Amino acid sequence: MTVARILADKGTDVVAIQPHRTIGEAVNMLANKRIGAVVVTGADGALLGILSERDIVRALARAGADALEQPVTRHMTAKVVTTTGRATVAEVTETMTRGRFRHLPVVENGRLVGLVSIGDVVKTHIEEIETEHRALREYIATA
Ligand code: AMP
């Protein structure tokens, strides 16, 4: 199973925030959309960083409530690890485990075309195992 297949199921929408927006605005976005991270993109759509709930917790620990007024650029991770549609579920699992993060933007030809989360990856993995088990049970029953 590839990242492209996951995106074909879940869609290619990526929730993004502009660099001058505040942590408080990002908090509202995460809460309203019920997600754990937003990508930070420039006016041209360029990927500038990623801000997850972990970064917000760290920002609050560091700056207290003042963090809510600070720009997302101050607390985001600027060096974003990305993947492509051709990557397999096993590969993105490895990337997330090794990098200790739960979100991977998908980039094709320099353009952001989706985002996969650890939740998407786990769901796909379980579906694959269930399909395999069903096939094996059917094979045994008819053998
Ligand atoms: P997460 O587990 O995704 O909530 O993120 C944990 C930490 O890793 C946070 O500091 C994020 O900004 C950072 N992070 C999340 N996704 C990525 C990614 N794809 N590339 C680089 N850093 C990331």
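The values are calculated or read from the model by the stated rules, or taken from the named source; none is laboratory data. Owing to the predicted nature of the structure, the values given are computational and were not obtained by experimental measurement. Cβ placement follows ideal geometry from the backbone for every residue including glycine, while neighbour counts extend to all protein chains displayed.
Evaluated against (1) more than 22 Å from residue 107 (Cα to Cα); (2) among the hydrophobic types (A, V, I, L, M, F, W, C); (3) within 15 Å of the chain's Cα centre (by Cα), residue 37 falls short on exactly one condition, (1). Scanning the range 79-102 for residues that are near the ligand (Cβ under 10 Å from one of its atoms) and of a type outside the set (A, V, I, L, M) yields 79, 82, 83, 95, 99, 100, 101, 102. Within the range 18-36, the set of residues being closer than 17 Å to residue 115 by Cβ, in contact with a strand residue (DSSP E or B) (Cβ under 8 Å, 6 or more places away or on another chain) and part of a helix (DSSP H, G or I) comprises 26, 29, 30.
The residues in the range 37-60 that are within 13 Å of the ligand (Cβ to nearest atom), small (Gly, Ala, Ser) and either in contact with a Leu (Cβ under 7 Å, 6 or more places away or on another chain) or over 20 Å from residue 112 (Cβ atoms) (or both) can be counted, and the count is 2.
No other residue among 114, 119, 110 is in contact (Cβ under 8 Å) with a residue 60 or more places away in the chain and within 20 Å of residue 16 (Cα to Cα) apart from 114. Residue 63 passes every criterion in (1) of a type outside the set (Lys, Arg); (2) modelled with pLDDT of 95 or more; (3) touching a Leu at 6+ places or on another chain (Cβ under 9 Å) apart from (3). Within the range 5-17, one or more residues are of a type outside the set (Gly, Ala, Ser), closer than 26 Å to residue 126 by Cβ and buried (at least 17 other Cβ atoms within 10 Å of the Cβ).
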